[in-house]
1. Quote the charge dipole size of the chain about the Cα centre in Debye, to the nearest 20; the model charges only the Cβ of Lys and Arg (+1) and of Asp and Glu (-1).
2. With each pseudo-label sitting 7 Å past Cα toward Cβ, what's the ASP46-ARG387 distance in nm, one decimal?
3. Taking +1 at the Cβ of each Lys and Arg and -1 at the Cβ of each Asp and Glu, which of GLY263, VAL372, CYS8 sits farthest along the dipole of the chain towards its positive end, judged by Cα position relative to the Cα centre?
4. Quickly rank 378-390, 333-345, 448-460, 110-122 as a protection proxy: mean count of other C-beta atoms within 10 Å, highest first.
5. Tell me, rounded to the nearest percent, the portion of alpha carbon pairs in segment 309-349 spaced more than 13 Å apart.
6. Counting only protein heavy atoms, what percent of the accessible surface of segment 10-101 is carbon or sulfur at a 1.4 Å probe?
7. When the chain is fully extended, how far beyond the present Cα-Cα distance does ALA201 get from ASP447, taking 0.36 nm per residue of separation?
8. Which distance in Å, rounded to a whole number, links the C-alpha centroids of segment 423-465 and segment 365-382?
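The values are calculated or read from the model by the stated rules, or taken from the named source; none is laboratory data. Since the model is a prediction, treat every value here as computed from it, not as a measurement. Virtual Cβ from ideal backbone geometry, glycine too; neighbours counted across all protein chains shown. What goes into the accessible areas is simple: the full protein's heavy atoms, side chains included, and nothing from ligands, DNA or RNA. Shrake-Rupley method; radii C 1.70, N 1.55, O 1.52, S 1.80 Å.
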Amino acid sequence: MKVKSICCIGAGYVGGPTMAVIAKKCPGIKVTVVDINEARIAAWNDPDVNNIPVYEPGLGEVVAESRGRNLFFSTDVDGAIDESDMIFISVNTPTKTYGEGKGLAADLKWIELCARQIARVAKSDKIVVEKSTLPVRTASTIKSILDHTGSGVSFQILSNPEFLAEGTAVEDLMDPDRVLIGGDQTEEGLKAIQALVDVYAQWVPRERILTTNVWSSELSKLTANAFLAQRVSSINSLSELCEHTEADINEVARAIGSDSRIGPKFLKASVGFGGSCFQKDILNLVYISRSYGLNEVADYWEQVIQMNDHQKRRFAKKIIRSLYNTVNGKKIAFLGWAFKKDTNDTRESAAIYVADHLLFEQAHVAVYDPKVKEEQVFVDMDYLNTRSSEENRKYIDVVEDPYEACKGAHAIAVLTEWDVFKQYDWSKIYDNMLKPAHVFDGRNVLDAEKLRKIGFQVYSIGTPS
Ligand code: NAD
Ligand code: UDX
């Protein structure tokens, strides 16, 4: 079967970039991305590609090339389902905030809604592709909804998890390490797998397209994120030991990363990992393991999250301790709010938790981030529900100029590793701060020696100070 028309439900950080790249690489396929969020679709359709809702280097150009040719953004979900041969489900699957599995399990209500909508609308056979990250065995839930329509329409369900990282999404999509496609090992299932292989094979070398059974594919996605996050927690755990032993975490990372069995990537000590995936997917793995009675497996992975929570708390406490055990009324400038550089995404960003901790101590936080909007900072803080909206607004200022953020501050905390922070005029920043002027580099991006020469007191994660 040759795919001619694709629909993707969910125009978020995954659906938008992924479909834009499929449309670019497969000009013969019509790609329609649909969402119930009208404002988001309007932003994807904004004639000025600088206003699309997801900031990713290079994405504007990719969207501009295909939009209106074979890439469309729309709120007509039913229409797009009806006319497509293949439907990607790329909706959000956050951690449940209520009921059974609260705080651990993935909330699948949006997935179920999509399945029911497809079941209701489809009049011809469809291949349904799970692009969202889902608990292992979710395909059977989707299948059971789709198989009970009584309409005679037949559905194949594939798992095709997305491995892109934010900030490098376009690069990752254009040149992926691998594409994973899981499906039923029946004749019909294998045909569906082949149809999706043929889409990716238009630009991905065939040997990088892996096919598996559907359960291996679902579980591999959770596992990949768990392994990556585990590396960050491992290096972060050692950063604390470094601070007590005069070892330097950057040197340790280089030394161990040179072992080809370990490898150099994902060994950067930080204030803690954030993002919409790592914590959610590990918690989900923990929940699934416990639901099978595998408590040791669950405890093992849960420790990765505990270490990460510790690292965020430890960073905030370090700031407080260094400022003579009180930050009450003191101005702390935050450079960066996004969970990593080159994205405007702030979900689970360490900055949120560090700010929360400092606000409990009645500090005044001035935030500057090159891509995050003021309202997002307050949405993030209000979502924590630890104090009123008014209090968050009283203690936090979001400013549009980094020098303004640092002016009159007792300390600067670097929460995101934006490259531009390295290029600032640090002497000018120093001159306008209260003394002693502190820098807490939660990303080890600044040149600590240079800053010390200017006069700053510098703390970098896991290095001797
Ligand atoms: P997102 O919140 O940015 O986007 C999801 C979109 O789905 C939203 O715009 C929402 O309005 C829409 N939606 C929800 N229910 C809908 C419905 N019934 N009909 C139409 N639209 C609906 O989420 P995201 O970051 O793109 O993540 C999507 C999935 O991909 C998640 O399962 C996530 O775990 C996974 N994932 C994310 C990343 C990442 O880097 N963000 C990477 C790999 C995988
Ligand atoms: C992750 C996975 O990498 C990606 O494959 C998956 O599809 C989605 O989840 P993402 O969350 O977008 O991607 O970014 P990633 O680069 O993995 O970073 C996650 C967090 O870990 C960030 O807060 C980052 O700053 C932090 N991190 C990463 C470190 O602290 N140190 C490192 O060495 C690497």
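1. Working: 54 positive and 64 negative charges, 103 e Å.
With only Lys, Arg, Asp and Glu charged at Cβ, the dipole is about 500 debye.
2. For ASP46 paired with ARG387, the spin-label model returns 3.1 nm.
3. Farthest along the dipole direction, towards plus: GLY263.
4. Peptide ranking by packing, descending: 333-345, 110-122, 448-460, 378-390.
5. 65 percent
6. Values: 1730 of 3590 Å².
Roughly 48 percent of what the probe reaches on segment 10-101 is carbon or sulfur.
7. In short, 84.2 nm is gained.
8. 23 Å
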